[in-house]
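Values in this text are rule-based calculations from the coordinates and carry no lab data. For clarity, every value in this text was computed on a predicted model and none was experimentally measured. We place every Cβ from the backbone using ideal geometry, glycine too, and count neighbours over all the protein chains shown.
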Amino acid sequence: MRICHWFGMLMRLPLSLGAILRQIGRNCLRFARTYRRRFDFLDGRLQLFMLNGLPCDLISLLFGEHFLVIVYDGIAIDPGPSRLRGALLRQLKRLPANRIHSVVATHHHEEHAGNLNCLAKRTGATLYIGEATAQCLAVSSRLPWIREFMIGARPRLEQPYRMIGRRVCDLETFPTPGHCHDHICLYDRREKILFAGDSFMGAYFSAPNPDVDSRAWIETLRRLLDLDIEILVEGHGHIHTLRPDIPDSCPLLVRQDPRQALNEKLRFCEWLRDQIDAGLAEGLAVSAIEVTCFPWGRQFSWESFWNDELTRLFSHGHWSRTEMVRSFARPAGSRAVLPLVYEARMHIARGQPGSALPGHAGTSEATLGTTKQKSSWTR
């Protein structure tokens, strides 16, 4: 298997290099067209305020992820990382004093929740937080130094805030675990707009955080497909729609039916699940299972190879294809966060073997690249 994998890599490497160079070129062009801009849609009801500044801009240029705050009918959604607080305050100057009356976060990750209290205080808006998100934000975040340097650590949540119910003003809210256990989405049933946060990050997103539960994500995607969605707004700026009232001139537009995009992601996640389950049943190591999940004969695999490996490098393993495999290997219904690969290797070096993972008889934590006791998994 490994010989075939390395041979395939040599054959596809020029194509893979061409794909990453083309992607970086597109990222640079989109970055130039969105830099510090504001985009207004639906007669001003929907606005995207782009947040720019170093070193976050390097992430946008290399990986195509934008940082922004979404404002819809006076509700500010995910006001960005603390590293871009100055950019957020500059954008606020372009708004009428009473434009924002509510602030809400889709989940606790630092690039979405870094400015919650700051924005609420500056605007006098009411801050709404999900119960699980509030629990996450009540403690200091633990991040690899490179991630904290690039994006900024999120501050602890401060009062006053309100717990989210079934609605925030006119937007319905509902839990969408998968990307992380506390994730929620917001939905306008009349306009058929879904504010998806990070519950949708492209059909072939393959380098997730270590707190992803991909089995729960599959169920979330199935539930999202039950909604009547005409506009899907991602947490990092891309808009998927066929509606003509979203102009083609918008550089963030993906002219695609949102349901088609969700279906593609669902099929990809289900295929990964089947591959990983088969590998676990055969007792394969994570590195071997990873090879079967990203065969060089598939376009998504070689197109995303360098992007995923750069992501692994920049995040010290915090985002990687390996974490994608491990996201299917958690005990069913568990919120446990498996330790990172480099953490597990350090633990192995200290000579402390692990025990079998519940739900995967015969598969040890060491085989999965993890050897810490379960009590140390939770964060």
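Some points to look at:
- Antiparallel %, DSSP beta bridges [both residues in the stretch 193-297], to 5: 30 percent
- For the stretch 111-173 versus the stretch 204-255, the gap between their alpha-carbon centres in whole angstrom: 21 Å
- Shape class for the chain: prolate, because the ratio a/c of the largest to smallest gyration tensor axis (alpha-carbon atoms, square roots of eigenvalues) is 1.5 or more and a/b beats b/c.
- Estimated 222 nm signal from helices in the chain, with DSSP H stretches of n ≥ 4 weighted -39500 (n - 2.57), rounded to 500: -12000 deg cm²/dmol
- Residue exposure proxy: 199, 287, 320, ordered by other Cβ atoms within 10 angstrom of their Cβ from fewest to most, comes out as 287, 320, 199.
- Membrane-span-like helices in the chain, defined here as complete DSSP H runs extending at least 27 Å along the helix axis by their C-alpha atoms with mean Kyte-Doolittle hydropathy no lower than 0.0, are 2-34; this is a sequence and geometry rule, not a statement about a membrane.
- Sequence of 234, 131 once ranked by neighbouring C-beta atoms within 10 Å, starting from the fewest: 131, 234
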